[in-house]
Amino acid sequence: MGKIFPQMNVAGRGIMGNFFEVLVSADFPFLRNALIAGLLSSALFGTIGAVVTVRRIASLAGAISHAVLGGIGLALYLSAMGIIPGLPPIAGALLFAVIAAIVIGMVSLRAKQREDTVINAIWAIGMSLGVLFMAKTPGYTDPTTWLFGNILLISNRDLILLAILDIIVLFLIRRFYPQIEASSFDEEFARVRGVRVDAVFLILLAVTAVAIVLLQTFVGIVMVIAMLTLPAGCSGVFSRSLGGMMFFACIFSALFSLCGLAAGWIFDLPVGAMTVIIAGAVFLGISALRMLKKIH
């Protein structure tokens, strides 16, 4: 367990297999923080991911999540060069995420035929800028740290930020659920009923962008994309409404996070990667069962 869990000692090896016993041990507070972060993140992954999946805008969320790497690289460069001392990476990530969300949103609404091109361009340019800025930043900055994250480094402050974002997102979902549901399934009908579909879409992108920034700081860009889509994809089998899909997606996300953390601990493997692999395996399994059911 030396590389992934550096705080584990020889005595810890004897209780490695009993994951839940380790969770309540005072010797491993970082493991409890990781579990709490996974559960808090599940509320965001489940609710936002369900809407993203139903509206089929996963590629938009993917472009935003990759574009933030450019903002992270810029913030690291400006801080290291003394241009803006102490500038946190999350500030640059938020800036790039909001810009990407606005550009993608406006193009999607005004020039639908160019949507794919703009999404791919923002995806590639954001990542490339991030790599370039990191390459010019004094000292060694590894982009993979931001791509894959490390949920084991979650602090109490991070947990508070996650909890606040959970409260805000869940409040917005509850307050505007009828509008979100109507615009997600039938935009034309929603327009006839007086729903401001374009405004709902832009607000959804903005909230998604902020959530992506906060989540990718903890779990990495790759895991954010996977967890925004896989739990929601699994939940589609068990639900017939957007609300039901959100509920089951939160459950699946929490289970994937717990299993990924346990598997990473037991087998000394990166938690984020294990979580994505478990989620992907369950999603593929459910998809295969659905195909076999249709055949028979």
Problem - Residue count for region 24-46, restricted to those that are within 19 Å of Ile225 (Cβ to Cβ) and in contact with a Leu (Cβ under 7 Å, 6 or more places away or on another chain) - result: 7
Completion exercise
In region 115-160, residues that are part of a loop (DSSP other than H, G, I, E, B), in contact (Cβ under 8 Å) with a residue 24 or more places away in the chain and over 27 Å from Thr275 (Cα atoms) total 3
Completion exercise
Conditions (1) crowded, with 18+ Cβ neighbours inside 10 Å; (2) aliphatic (A, V, I, L, M); (3) closer than 22 Å to Ser65 by Cα; (4) out of contact with any His (no Cβ under 8 Å at 6 or more places or on another chain) -> Ala206 fails only (1)
Practice task
Might you let me know whether region 171-183 holds any residue that is within 30 Å of Ile72 (Cα to Cα), in contact (Cβ under 8 Å) with a residue 40 or more places away in the chain and either out of contact with any helix residue (DSSP H, G or I) (no Cβ under 8 Å at 6 or more places or on another chain) or not in a loop (DSSP other than H, G, I, E, B) (or both)?
Solution key: yes
Exercise for the section: Examine region 113-124 for a residue that is out of contact with any helix residue (DSSP H, G or I) (no Cβ under 8 Å at 6 or more places or on another chain) and over 17 Å from Ser65 (Cα atoms), and state whether such a residue exists. Expected result: yes
Problem - Whichever residue in region 268-296 is of a type in the set (Gly, Ala, Ser) and at pLDDT 90 or above and, among such residues, is surrounded by the most Cβ atoms within 10 Å (Cβ to Cβ) - result: Ala279
Exercise for the section: Look at Ser257 and say whether it is crowded, with 17+ Cβ neighbours inside 10 Å and in contact with a Ser or Thr (Cβ under 8 Å, 6 or more places away or on another chain). Expected result: yes
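The values are calculated or read from the model by the stated rules, or taken from the named source; none is laboratory data. Worth saying up front: this structure is predicted, and the values here are computed from it rather than measured. Note that each Cβ is placed from the backbone with ideal geometry, even for glycine, and that neighbours are counted across all protein chains shown.
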